[in-house]
Amino acid sequence: MFSSKEEFKKSFITRIESKDMRKTTELAYEILREMTCEWIKESWDRTNGLYKENDEKQLYYFSIEFLIGRVLGQNLMNINAYDIVKEGLDELGFQLSEVEELEVEPGLGNGGLGRLAACFMDSLASLQLPGHGYGLRYKGGLFTQHFVNGYQTEQPTEWIQEEHNADARREDLAIDIPYYGDVQLVMGTDGLKMKVENSEWVKAVPYDMPIVGANGGTVNTLRLWQAEVSNFPFPGDKDYLVYEQETAKITDRLYPDDSLESGKILRLKQQYFLCSASLQDILNNRSFSMEKLPENVAIQINDTHPALAVPELMRLLIDDHHLTWEQAWDITTRTISYTNHTILEEAMEKWDSRLIQSLLPRVYTIIEEIDKRFKESLETQTIDEETFRKLSIIENGVIKMAVLAVVGSYKVNGVAKLHTEILKKREMKELNEQFPNKFHNKTNGIAHRRWLVKANQELSGLITETIGPRWIEEPERLNELHYFAQNHSFLQDFQAIKTLKKEQLLYHLQRNENIIVDPASIFDIHIKRVHGYKRQLMNIMHIQMLCDRIKQDSTYRPHPRTFFFGGKAAPSYHFAKQVIKMINTVAVKVNNDPLLRKHLHIVFVENYNVTQAEYLIPAADVSEQISTASKEASGTGNMKLMMNGALTIGTLDGANVEIFEQAGQENAFVFGMRAEEVMQYEKEQSYDPKEIINSDPEIKKMMKQLVDGEWTEGKENVDFIVGQLLEDRDPYFVLKDIHSYSNAHERILAAYANPVKWAEMCVKNIAASGIFSSDRTIQQYSNDVWHLTKIPSVY
Ligand code: 9GP
């Protein structure tokens, strides 16, 4: 479409003149969106045509989250039109960056899991692989976070503005999904069959979003389902209005509060809705015989939320497509593969059998049968009770979704080497022994096109000037930067860009909040969901320690540092919310103290999301990756920050381990307990934070200040924080690791004192970061799990 700037301008002017006399940025956004959509549409149709013609195997990625972020700028970038449009708009009196600001980010995800899914979509299309996403079209994405008196408040985020959306409704492909009903045994022509009567149906309407790959050639599809009332007969015993409301709720919001049973039912409804609609869609549109499903389709389930895909595929194959159990099981277990993203107990989904039995009666009978047959297959082995228990899909009236996902899939992976090892040797040891070839590792990755090429155009320009453009298609070529790690002019350019990105961040923050920060300070950035194991508490307690040192020791006058925090707490996670309150309280105290503010500044960025991350990450000097070892499955923020030349302060956890391996521990600040130590303490339950408090005067003093409420506000806040550290025995080992953390921070200060050496370390990190592109991850999945064929797009 935009082969030259003049052509773009001509087309843009024609459109703008036919629309309105007032040439506002809003109008420019509207027109640009429209033009981009039209261009993408051509490529999209072409890609779909090619996929049909080629009959190649397709991958479908099932995920409850897709945190795609803004799409307009990224799409322009991927179709190589960004610079043309930018210059063209400039000449017409508009600024592309201002136009981009008008796009409301769809918050269809919560954190790393959803962002990973979005990065994978980008890489699949960019590598010209036939891979698509299936998700839900939540009306309200993840909530918008505001701070009121330092506390997080949550407002619904309404991202859907029908006339502005990049997705297209496909009413023609709507599918009906059954809930509830009575399971009956009926005699069919081929014997006894299960049938469900009196179901309550909900219509799933797909909305398609184009996923544009690099160079615009391949455009894959992200299909999001929206729940609507069905035309199917409605069971008589329910009020229609109630049915309507319940239906709308299914795709009303992401992760509804599940503390009550009604919330649990809603989450289950969502999960089944995603699985059933997507599977029916795949089966309806196939051009091959059902036996050939595994050769033609790969389904990846992202965490356990879509694990109902296993029994649902069985149901569809047996009840609707009349296959035998054995045929259906063979097909299912050769089509589905599963990624585990966490070992945290709270996130390993378990459903009360009763709930599934009532909401999904037929699916429940299938889960029971899978469990029964799996247990029968174990009978020939001598298995102790504990092992048997761990291998059970159904145990004491509870369905363990992770076990179901492992048993029902042909491959299971963890998301970083350490995480996969922990899965194989501890969390899923028994399952790994039963299925020795199933488990494998696929270390996560990030879309470097978004996180470096787009978010940091200046740095990416410098890299291209220095090593040529091939690194964009082959990111591992970033390692050619090693030769420039000691080149002074390159280092100076890098430093100048870092300063510029800091200024851009500050400008962005000042637009939205009244934040004044010294750009010459060290930007220390801790951005991720707020959670006990991610230890925002340790970061803020360390700041508390620094304040004390600055006040007590007149020789301790460290280089100014700005500590940025960004992240949301789950609405029902009270401890995390209290940590937010504490950070905000400390921020007010520190930022207003005449002595402290010369050295320390704290900024908690409200409503952290993909767009905010795109500003924060390129501006970072220090990347805080300080989870309790063994708890962070991988992390992906760590990779984004590294790729933008931030130095990691981190534990040997998740993908940090591989980051340190690649960049060299000498180019990072490693601290804290190792995973084995943490797990040993947990096993023996031998960690007692009181011992540390009693033996360490600095920590003792810090605890006293906390108990006295010096750094918190209100009794509730003190009680929660102190309660976690004392009564709950500091489950995330904050006090155990804080000294080692503090030492690592002192090493940071020492390193920063030598700017050239610091810049050299940053460049070494960038040079080593190419392996963390999701292109690498996707290629590995494709080679080892999905077996996709690249389908080059022709213009
Ligand atoms: O907590 C993990 C995070 O470590 C990982 O990077 C991400 C993507 O694999 O998944 C997160 N897990 C979840 O959000 C829930 O399982």
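Just checking, how many residues over the stretch 263-293 are of a type in the set (D, E, K, R) and buried (at least 16 other Cβ atoms within 10 Å of the Cβ)?
Pass one, the stretch 263-293, residues of a type in the set (D, E, K, R): 264, 267, 269, 281, 286, 291-292.
Those left that are additionally buried (at least 16 other Cβ atoms within 10 Å of the Cβ): 264, 267, 269, 281.
The number of residues fulfilling the criteria is 4.
Can you find even one residue in the stretch 598-606 that is within 16 Å of the ligand (Cβ to nearest atom), under 30 Å from Ser773 (Cα atoms) and outside any helix (DSSP H, G or I)?
Our first condition is that a residue be within 16 Å of the ligand (Cβ to nearest atom); within the stretch 598-606, this holds for none.
The answer is no, given that none of the residues of the stretch 598-606 is within 16 Å of the ligand (Cβ to nearest atom), under 30 Å from Ser773 (Cα atoms) and outside any helix (DSSP H, G or I).
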Practice item. State which residue pairs qualify: first residue assigned to a strand (DSSP E or B) and inside the stretch 331-342, second residue open to solvent by 10 Å² or more (accessible area, probe 1.4 Å) and within 15 Å of the ligand (Cβ to nearest atom) in any location, beta carbons under 7 Å apart, and separation of 6 or more residues or different chains. Key: Thr339/Asp303
**Study point:** Residue list for the stretch 658-717, filter: acidic (Asp, Glu) and not in a helix (DSSP H, G or I)
**Key:** Asp688, Asp696, Asp708, Glu710, Glu713
Revision key, fill the gap. Across (1) within 16 Å of the ligand (Cβ to nearest atom); (2) hydroxyl-bearing (Ser, Thr, Tyr); (3) not in a loop (DSSP other than H, G, I, E, B), Tyr364 clears everything bar (1)
Check your understanding: Would a scan of the stretch 100-117 turn up a residue that is open to solvent by 10 Å² or more (accessible area, probe 1.4 Å), among the small types (Gly, Ala, Ser), more than 23 Å from the chain's Cα centre (by Cα) and under 23 Å from Leu505 (Cα atoms)?
Key -> no
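Quick one: in the stretch 610-664, which of the residues that are of a type in the set (D, E, K, R) and in contact with a strand residue (DSSP E or B) (Cβ under 7 Å, 6 or more places away or on another chain) is nearest to the ligand (Cβ to nearest atom)?
Lys640
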Check your understanding: Considering only the stretch 335-359, how many residues are more than 28 Å from His531 (Cα to Cα) and either touching a strand residue (DSSP E or B) at 6+ places or on another chain (Cβ under 7 Å) or of a type in the set (Val, Ile, Thr) (or both)?
Key -> 6
Practice item. Spot the failing condition for Asp122; the list is (1) surrounded by 23 or more Cβ atoms within 10 Å (Cβ to Cβ); (2) farther than 14 Å from Ala214 by Cα; (3) charged (D, E, K, R), and only one is missed. Key: (2)
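Among the residues that make up the stretch 419-439, is at least one of them open to solvent by 30 Å² or more (accessible area, probe 1.4 Å) and within 16 Å of the ligand (Cβ to nearest atom)?
To start, the set of residues in the stretch 419-439 that are open to solvent by 30 Å² or more (accessible area, probe 1.4 Å) comprises 421, 424-427, 429, 433-437.
Narrowing the set further to residues that are within 16 Å of the ligand (Cβ to nearest atom) leaves 421, 427.
Checking the stretch 419-439: at least one residue is open to solvent by 30 Å² or more (accessible area, probe 1.4 Å) and within 16 Å of the ligand (Cβ to nearest atom).
Got a sec? Which of Val398, Val403, Val453 is aliphatic (A, V, I, L, M), open to solvent by 40 Å² or more (accessible area, probe 1.4 Å) and more than 15 Å from the ligand (Cβ to nearest atom)?
Numbers: Val403 fails: open to solvent by 40 Å² or more (accessible area, probe 1.4 Å); Val453 fails: open to solvent by 40 Å² or more (accessible area, probe 1.4 Å).
Of the residues listed, the single one that is aliphatic (A, V, I, L, M), open to solvent by 40 Å² or more (accessible area, probe 1.4 Å) and more than 15 Å from the ligand (Cβ to nearest atom) is Val398.
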Exercise for review: Taking Thr304 as the residue in question, decide whether it is outside any helix (DSSP H, G or I) and crowded, with 24+ Cβ neighbours inside 10 Å.
Suggested key: yes
Study note, to complete from the structure: Those residues of the stretch 621-643 which are in contact with a Phe, Trp or Tyr (Cβ under 8 Å, 6 or more places away or on another chain) and more than 17 Å from Leu452 (Cα to Cα) amount to Ile626, Ser627, Thr628, Lys631, Glu632
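Hey, among Val579, Val530, which residue is under 29 Å from the mean Cα position of the chain (by Cα) and within 16 Å of the ligand (Cβ to nearest atom)? Break it down stepwise before answering.
Working: Val579 fails: within 16 Å of the ligand (Cβ to nearest atom).
The match here is Val530.
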Review point. Assigned by TED's automatic domain parsing to the domain that holds His574, of a type in the set (Gly, Ala, Ser) and surrounded by 13 or more Cβ atoms within 10 Å (Cβ to Cβ) - does that describe any residue in the stretch 711-730?
Key: no
Exercise for review: Provide a single number: the residues in the stretch 759-790 that are closer than 30 Å to Lys52 by Cα and open to solvent by less than 10 Å² (accessible area, probe 1.4 Å).
Suggested key: 8
Review point. Quick one: which of Asn284, Asn296 is in contact with a Phe, Trp or Tyr (Cβ under 6 Å, 6 or more places away or on another chain) and either outside the structural domain of Lys195 (by TED's automatic domain parsing) or modelled with pLDDT of 95 or more (or both)?
Key: Asn296
Practice item. Take the residues in the stretch 320-357 that are within 16 Å of the ligand (Cβ to nearest atom) and open to solvent by 60 Å² or more (accessible area, probe 1.4 Å), then tell me which one is modelled with the highest pLDDT. Key: Lys350
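The values are calculated or read from the model by the stated rules, or taken from the named source; none is laboratory data. Quick caveat: nothing in here was measured; it's all calculated off a predicted structure. Note that we place each Cβ from the backbone using ideal geometry, even for glycine, and neighbour counts take in every protein chain shown. The area values use the complete protein model at the heavy-atom level, side chains included, leaving out ligands, DNA and RNA. Shrake-Rupley method; radii C 1.70, N 1.55, O 1.52, S 1.80 Å.
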